[in-house]
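**Q** Please see the structure below; I have some questions.
Where a number appears in this text, it was derived from the coordinates with a stated rule and is not lab data. Everything numeric here is computed off the predicted structure, so don't read it as measured data. Note that we place each Cβ from the backbone using ideal geometry, even for glycine, and neighbour counts take in every protein chain shown.
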């Protein structure tokens, strides 16, 4: 509930601004703004501030085009994104990866107890706590109190709501359609990925490692499709598979990386952060290693699907083929043997 409240507090003040037109901004101010942005490294092409589309050059061969973002699109696109993501998961290009995720899960299950023990042993040597501690920021308890809590917080929905709010604010100030669109896509990714994770959790009914350890067992118990009441009352006994933190983080990171491929540091930094979070969740006995493959697969597909529906990719060679002249023509004159002058047209096909 607190995450929904935070989401409401960030989005609600921005929603009127997202629907406002920008015609009232003086042209001189806009020219100065775009000049400064270009000097700062942000290259914008075809930038008519009041147009409904805006383009961003990714490299010399590729340009991304965005429609004017609308706040209502967050809700309009969610049902289709859920359906489209489900189709993509079983599509010909992607289903082998889905099978690989299931296979990796099965392969890791026997090694889960050993991986948990070794992770916790390393955590103790590094001085990491097993518990997660947070301090209050206003009425929300969201400030990590130690290193392992900060690592765990990477996959918290609040983290990406804050990132989304920052990008939306930047987009509103600068008129950057890409930033505003990405901010909305991040929020969509949290909801869409959750729509897949929760049913799987409730079907698999796998207990968390700390429950298994407290009972003195090595391997987790699985309770297929526990009752709604049991799940709500003793959630850690049933919600380990797959990791919701990793699914959310992977989906949001994929959205950001797909929208900003020209920022080469996003993927290595993002994947490193995800790796640290995965280790932390094992050393703190929140998740088994086998909870991760399906989470990565679901997160990637949902993030990719959401981004692809918002971005129009224009390749330079495609534009060249569309605009290529297929023929040329020119006027020509000649004389007959009798001395008459002729006028004609010479057409050359390419």
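**Q** What full-extension length gain, to one decimal in nm, is calculated for residue 122 and residue 137 as 0.36 nm per residue of separation minus the Cα-Cα distance? Walk me through the numbers on the way to the answer.
**A** Working: separation 15, 0.36 × 15 = 5.40 nm, distance 3.09 nm.
Once the chain is fully extended between residue 122 and residue 137, it gains 2.3 nm.
**Q** Quick one: which of 232-242, 174-184, 247-257 comes out on top by average Cβ neighbours within 10 Å, and what's the full order, highest first?
**A** Values: 232-242: 18.9, 174-184: 23.8, 247-257: 27.0.
Peptide ranking by packing, descending: 247-257, 174-184, 232-242.
**Q** Let me have the relative contact order for segment 81-192, percent, based on Cα pairs under 8 Å that are six or more residues apart. Show your work: numbers first, answer last.
**A** On the way: 68 pairs, mean separation 16.1, N = 112.
Worked out over segment 81-192, it gives 14 percent.
**Q** Quick one: which of 219-225, 294-300 comes out on top by average Cβ neighbours within 10 Å, and what's the full order, highest first?
**A** Values: 219-225: 14.0, 294-300: 25.0.
Descending mean neighbour count gives 294-300, 219-225.
**Q** Using the Cα gyration tensor of segment 71-200, with a ≥ b ≥ c the square roots of its eigenvalues, what is the shape: rounded (a/c below 1.5), prolate (a/b larger than b/c) or oblate (neither)? The partial results should precede the final answer.
**A** On the way: a/c = 2.70, a/b = 1.15, b/c = 2.34.
Because a/c hits 1.5 or more and a/b fails to exceed b/c, segment 71-200 counts as oblate.
**Q** For segment 182-301, what does the alpha-carbon gyration tensor say about shape, rounded, prolate or oblate, given a ≥ b ≥ c as the root eigenvalues, a/c under 1.5 as rounded, and a/b over b/c as prolate? Each step should come with its number before you reach the end.
**A** Values: a/c = 3.19, a/b = 1.72, b/c = 1.85.
Taking the square roots of the gyration eigenvalues as a ≥ b ≥ c, segment 182-301 is oblate.
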